[in-house]
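The values are calculated or read from the model by the stated rules, or taken from the named source; none is laboratory data. Every value quoted in this text rests on a predicted model; they were computed, and no experiment measured them. Glycine also receives a Cβ, built like all others from the backbone with ideal geometry; neighbour counts cover every protein chain displayed.
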Amino acid sequence: MHIENFKIFSDLVESESFSRAAKLNGITQSAVSQQLRAMEKHFNVIIVDRSQKQFKLTQEGQKLYTSAQDILHRYEILQSELQEMKKIISGTIHLSTIYSIGLHELPPYVKKFLQDYPSVNVRVEYRRSNLVYEDILHNSVDIGLVAYPTKMRQLEIIPFLEDKLMLICSDDHPAANFSEVGLDELSKFKFISFDPDIPTRKALDQIFRDAKISIDPVMEFDNIETVKRAVEIGAGVAILPEITVQQEVKQGLIRAIPIKGKQFKRPLAIIHRKGKVLTPAIKKFIKTLTGNASPQKEQKEG
C-alpha cells in the first residue's frame, strides 16, 4: 500500500462521494473504485457495505479508516518536521475564501507572502460561506477565510481583520448628503440586503433587532458585488464593509456614510481543521495574515 491509497480512501470516506474523492485527488471515479477494490483485495476484507443505498463502511472498513487517518497524520507530521529541519518554505497552500475577502482584503497579503516566499504556490478558491466550511471539514483545502466565524468543535478559529460597516448609497440618493446616518432613519429608504442564509445578513438582522427597528429588504443577493451594482443604479441603500466599496467611492459611483452611534464591525477569521498538521509554508502564510502591520498600510507609508 502506498500513502496515496490511504489518502484517496480517507477522502472517499469523509466525502461519502466517489466523484468528490476523484476531484480531490485529480483522478477519475473509476480510479477511485479500483483503488477501493485493490485495498479490499490487499487486506482481504470488505470495506464498504454495498447492500446499503447510502455509503456505509463495514466494521473492518471503519477500522481501516481509523488506521488510515493515523498513518496520514503521522506522514504529514514527518513531512512538516523534515521541511522545518531543512528550513524549506515551499509547496502549495490551498485556500478557500468568501468572495468579498478574496477580492478585497486578501490580495495585498498574498502579494507580500509571495514576495517573501517565491517557492510557495497559493491556490485560491472563491466560495459561498457554507462551502468554505465544507471545504475545511472535508479536508479539501488547508485554510479558509470567512466573516462572522461559526464556532464548531472540529475547527480552529484565528482572528484576521475587522471591517467597519458603512451605509452606502448612489451619488444622487437623498442620503448622499448626510455626514452620518442613524439606524432608525433606514426605514425611510429602500434597503438592499443579502440572502437570509448569508452570515453578514444574519448579523445585520441582529443589529436591527437590537435597535428595535424593522427593515424589509426590497432586494436580496448572495454577494457584495451584486449588492453594490444595485446600489449604483439607485435601487436602494445597503450596509457593507467600508473596504469593499473603496474603489467605487473613489470613482464617484457611490457614497459611503458612517453609521451614527455605535461603530459596527464585521469580524473576519482564518479557519482550519482542528488537529491539521500545518506545514512551514502554511504557518508562514498565517503569520503574514495575522501580522500587526497591514500590507496596504505598509505600501502607503513606504
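Things to note:
- Scanning the range 185-206 for residues that are aliphatic (A, V, I, L, M) and either out of contact with any helix residue (DSSP H, G or I) (no Cβ under 7 Å at 6 or more places or on another chain) or over 14 Å from Ile239 (Cβ atoms) (or both) returns Leu186, Ala203, Leu204.
- In summary, strands (runs of 3 or more DSSP E) completely within the range 187-302 and bearing 2 or more residues that are more than 17 Å from the chain's Cα centre (by Cα) occur at 192-194, 219-221, 238-241, 254-257.
- Count - residues of the range 151-172 that are under 12 Å from the mean Cα position of the chain (by Cα) and closer than 30 Å to Ala235 by Cβ: 0
- Residue match in the range 159-174 (condition: in a helix (DSSP H, G or I) and modelled with pLDDT under 95): yes
- Gln251 falls short of the stated requirement of being within 29 Å of Ser96 (Cα to Cα) and outside the structural domain of Leu137 (by TED's automatic domain parsing).
- Check on Ile215, at negative phi, touching a Gly at 6+ places or on another chain (Cβ under 9 Å), β-branched (Val, Ile, Thr) and buried (at least 17 other Cβ atoms within 10 Å of the Cβ): no
- Number of the condition not met by Val181 [criteria: (1) β-branched (Val, Ile, Thr); (2) in the same structural domain as Leu240 (by TED's automatic domain parsing); (3) touching a Gly at 6+ places or on another chain (Cβ under 8 Å)]: (3)
- Leading residue by the ranking (surrounded by the fewest Cβ atoms within 10 Å (Cβ to Cβ)) among those in the range 219-235 that are in contact (Cβ under 8 Å) with a residue 60 or more places away in the chain and closer than 16 Å to Ala175 by Cα: Ile233
Okay, residues lined up against (1) under 24 Å from Lys284 (Cα atoms); (2) outside the structural domain of Gly252 (by TED's automatic domain parsing); (3) among the aliphatic types (A, V, I, L, M); (4) assigned to a helix (DSSP H, G or I):
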position	(1), (2), (3), (4)
Asn130	no, yes, no, yes
Val141	yes, yes, yes, no
Glu156	yes, yes, no, no
Glu185	no, no, no, yes
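- Residues (surrounded by fewer than 16 Cβ atoms within 10 Å (Cβ to Cβ), free of Cβ contacts under 8 Å to residues at least 60 places away in the same chain and part of a helix (DSSP H, G or I)) located in the range 70-107: Asp70, Arg74, Leu78, Glu81, Leu82, Met85, Pro107
- Test: residue in the range 8-31 that is assigned by TED's automatic domain parsing to the domain that holds Gly61, over 18 Å from His138 (Cβ atoms) and not in a loop (DSSP other than H, G, I, E, B): yes
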